[in-house]
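I have placed the structure first, in the form of structure tokens, so that the comments after it can refer back to it.
The values are calculated or read from the model by the stated rules, or taken from the named source; none is laboratory data. Treat the numbers as computed from the prediction; the structure is a model and nothing was measured. Cβ atoms come from the backbone with ideal geometry, glycine included; neighbour counts cover every protein chain shown.
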Amino acid sequence: MSINRRQFLGAAAAAFAATALAPGFHLVELALADSPEQGASALKRWGLLIDTAKCSTGCDACVTACNKANGLVSHNRPETDSQWIRKVTLRGEHTGYVQSLPVMCQHCADAPCVDVCPTGASFKRADGIVLVDRHLCIGCRYCMMACPYKARSFVAENITGQIAEVPRGKGCVEGCTLCVERIDRNKIPACVEACNETGGKAMMFGDLKDPESTIAKQLASRPSTEIRADLDLDTGVRYQHLDV
Amino acid sequence: MKTIHYREISGRSPAFYVFMVTLLIFIGAGLASAHYMESHGHHVTGMTNQIVWGIPHVFAIFMILSASGALNVASISSVFDRGLYKPLARLSGLLAITLLAGGLSTLVLDLGRPDRLIVAMTTYNFRSIFAWNIFLYTGFFAVVVIYLWFMMEPRMNAYVKPAGFFAFFWRLTLTTGTGSIFGFLVAREAYNSAVMAPMFILMSFLFGLAVFMLFLMATFWLTQRPLGDEVVRRLKNLLGVFIASVLYFVMVYHLTNIYIAQRRGIEEFILLHGGVYTALFWIGQILIGSIVPLVLVYHPWFRRSRPLIALAAALVVIGGFIQLYVIIIGGQAYPLVLFPGKIVSSSFYDGVINTYTPSVFEIALGLGTTALSIFLASIAIKVLPFLPETLADNPADSVQ
């Protein structure tokens with residue numbers, strides 16, 4: 001059988017297109033098979049309630065637990081080291097009243113980091129957890145400019161000894177995931193666990209949308225507030241006894 | 001009307017080759033720095049989790065603003081029908097393209113993952129100003145290339161005016177987008193302001209014109225082509241108007257902020273006790289970048305001197321760079337206010353004035369991409385007829 005030049009080119013183009021497209025179809029298959037929506041339901045909204053009255057200045061159990069659970073190690077460069085949760089001490093400028101509280105990603109319903117991210121790497125899961133897709137993040141740091149809570153860190157150096165469930169990567173932005181990998185296995189975030197075990201029992205985790213949950217009942221019965229409530233971002237992390 | 005003759009520069013002198021090789025060395029150093037920053041991670045730069053955008057962004061935004069501003073001369077000729085500016089229109093379009101190329105390469109090479117540029121080009125979140133800007137910037141290239149083609153191809157000359165209109169509209173949108181990168185940052189007191197977009201538009205008019213004047217005067221002087229007083233006078237007067245306009249917007253921006261009690265902290269920081277930022281603002285931006293060039297441009301003692309006009313343009317470039325440094329770095333140096341009325345402390349630099357010292361790599365990257373802009377423009381005027389043979393005074397123009 002002989003083919004002319006035109007047929008040859010046509011066949012070559014078809015073969016090339018098939019090679020180029022096949023992985024795409026495969027990806028679609030994978031995406032359909034393992035839809036993120038299966039794990040995260042919009043019927044839930046995970047959140048934290050932090051009672052600052054129970055949080056003491058010297059305690060950093062939550063910070064230590066977070067670093068351990070997520071494999072965050074210091075390179076002795078505090079200006080570029082990642083911090084997903086930090087203890088902040090407040091003193092009233094006019095009153096002198098001192099408080100201590102942990103601050104992390106507030107998992108806003110209207111998250112500025114999600115709005116500004118050019119590639120959609122910053123995203124909010126159906127159950128309200130704000131995350132960074134490490135495959136889409138190009139490291140532009142616009143989310144860090146936009147976040148009102150200074151909740152994100154940029155990975156500024158090579159990472160070794162990562163924890164398999166918490167992938168991280170140099171050149172990408174990261175922040176508190178609410179220990180999403182633990183939540184998906186019906187465990188509570190590491191910081192909350194540590195606070196309950198060795199801290200002041202100041203942190204509570206639960207489903208804000210379930211009126212029967214302890215956290216929802218607690219929120220319904222006592223006053224609470226958001227940090228920078230003026231921005232009206234509807235944060236998933238709320239504070240009680242916070243004098244702001 | 002007189003026919004305009006355009007001609008390539010010869011570009012065969014040893015000086016030209018030395019100049020191009022020097023630019024290539026800068027470009028090489030910039031690329032090497034970008035590679036070093038990417039392979040070691042950004043901890044080798046001065047940028048931190050507090051100052052997340054550094055001097056590469058100052059270079060990038062300066063060039064992006066200058067790019068859209070450089071197109072103004074072409075706009076004046078085709079949109080506003082000013083015949084005097086027509087011979088300058090090609091160069092105006094060319095600089096718009098090369099400056100944008102320089103600015104964008106700075107931004108891309110500073111990314112944490114520049115290798116994922118393809119992700120940025122294929123995956124969009126349309127709520128993000130950055131995503132819009134990707135379209136605005138790439139579109140700008142296309143629009144200006146078509147505009148230039150219509151200008152340079154006699155058969156297409158009839159369409160120059162609509163193309164010019166479209167390019168003018170596009171560049172206004174583009175700079176609105178650049179200003180809004182900052183204007184839409186609700187969390188940061190230094191940025192969250194609608195005045196950012198118009199202020200950035202005026203800044204682009206000014207920086208673009210200053211860069212254009214410097215490039216024009218330098219090339220005409222080096223190639224010994226006649227450059228008439230009338231052209232220089234018009235450009236210089238326009239420069240003065242733009243300096244005053246930017247000053248006006250700077251004043252409105254600060255007055256508004258001072259009036260808002262919540263923002264007094266950041267205003268006092270920039271205007272009164274911000275150390276290097278206060279000095280840069282008053283001495284760099286206001287005195288060197290605005291007052292001195294205004295005097296050089298308008299005072300009867302100086303306004304006829306060609307070198308002093310070039311100096312005024314150069315001071316505008318320096319002042320503009322400093323202005324962006326104060327906006328971008330100064331705005332981040334002042335801490336985010338999470339708890340108004342509280343004295344705050346933490347392990348993550350809450351409540352403290354953040355420090356930033358640009359590393360040699362970041363500066364090399366910025367200089368390298370600046371060199372890339374100049375390199376591209378110099379190659380282009382050597383291979384294509386962008387520059388008119390003469391801009392000698394035409395008696396008809398002065399009475400226009």
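Those strands (runs of 3 or more DSSP E) of region A:136-209 in which 1 or more residues are farther than 24 Å from A:V114 by Cβ and among the acidic types (D, E) are absent.
Residues in region A:184-191: is at least one modelled with pLDDT of 95 or more, surrounded by fewer than 22 Cβ atoms within 10 Å (Cβ to Cβ) and among the basic types (K, R)? The answer is yes; a qualifying residue exists.
Figure legend. Inter-residue proximity from region A:229-244: first residues under 12 Å from A:Q106 (Cα atoms), second residues among the β-branched types (V, I, T) and in a helix (DSSP H, G or I), beta-carbon distance below 7 Å, spacing 6+ or different chains. Indicated pairs: A:Y239/A:T52.
Looking only at region B:112-128, which residues are facing another protein chain (nearest Cβ under 7 Å) and within 18 Å of B:A60 (Cα to Cα)? B:G112, B:R113, B:A120, listed by residue number. Tell me whether region B:56-67 contains one or more residues that are within 10 Å of chain A (Cβ to nearest Cβ), out of contact with any strand residue (DSSP E or B) (no Cβ under 8 Å at 6 or more places or on another chain) and closer than 16 Å to B:E362 by Cβ. Looking for residues that are within 10 Å of chain A (Cβ to nearest Cβ), out of contact with any strand residue (DSSP E or B) (no Cβ under 8 Å at 6 or more places or on another chain) and closer than 16 Å to B:E362 by Cβ, one finds at least one in region B:56-67, hence yes. Restricting region A:39-71 to residues that are over 16 Å from A:E197 (Cβ atoms) and among the basic types (K, R) leaves a set whose member that is nearest to the other protein chains (Cβ to nearest Cβ) is A:R45. Candidates are the residues of region A:124-144 that are farther than 20 Å from B:L117 by Cβ and of a type outside the set (K, R); the one that is farthest from the other protein chains (Cβ to nearest Cβ) is A:D127.
It is to be established whether one or more residues within region A:163-186 are within 11 Å of chain B (Cβ to nearest Cβ) and in contact (Cβ under 8 Å) with a residue 60 or more places away in the chain. Yes, the conditions are met somewhere in region A:163-186. State whether the residues of region B:281-293 include one that is touching a Gly at 6+ places or on another chain (Cβ under 8 Å), crowded, with 22+ Cβ neighbours inside 10 Å, within 14 Å of chain A (Cβ to nearest Cβ) and within 24 Å of A:M145 (Cα to Cα). No: zero hits. Condition test on B:A190, is it buried (at least 16 other Cβ atoms within 10 Å of the Cβ), of a type outside the set (S, T, Y) and away from chain A (no Cβ under 14 Å)? Answer is no for this residue. The helices (runs of 4 or more DSSP H) falling completely within region B:10-128 that include 1 or more residues that are more than 29 Å from B:L222 (Cβ to Cβ) and either of a type in the set (D, E, K, R) or free of Cβ contacts under 8 Å to residues at least 40 places away in the same chain (or both) map to B:14-40, B:89-110, B:117-122.
Return yes when B:A142 is within 30 Å of A:A151 (Cβ to Cβ), of a type in the set (A, V, I, L, M) and over 16 Å from the mean Cα position of the chain (by Cα) and no when it is not. For B:A142, the condition - within 30 Å of A:A151 (Cβ to Cβ), of a type in the set (A, V, I, L, M) and over 16 Å from the mean Cα position of the chain (by Cα) - is not met.
So, of the residues in region B:339-389 that are among the polar types (S, T, N, Q) and touching a Gly at 6+ places or on another chain (Cβ under 8 Å), which turns out to be nearest to the other protein chains (Cβ to nearest Cβ)? That would be B:S345. Exactly one residue out of A:I138, A:I163 is crowded, with 19+ Cβ neighbours inside 10 Å and more than 25 Å from B:G351 (Cα to Cα): that is A:I138.
Of the residues in region A:87-106, at least one is assigned to a loop (DSSP other than H, G, I, E, B), buried (at least 20 other Cβ atoms within 10 Å of the Cβ) and out of contact with any helix residue (DSSP H, G or I) (no Cβ under 8 Å at 6 or more places or on another chain). For region A:72-84, a residue qualifies if it is crowded, with 17+ Cβ neighbours inside 10 Å and either farther than 16 Å from A:V173 by Cβ or facing chain B (nearest Cβ under 7 Å) (or both), and the qualifying residues are A:E79, A:T80, A:Q83.
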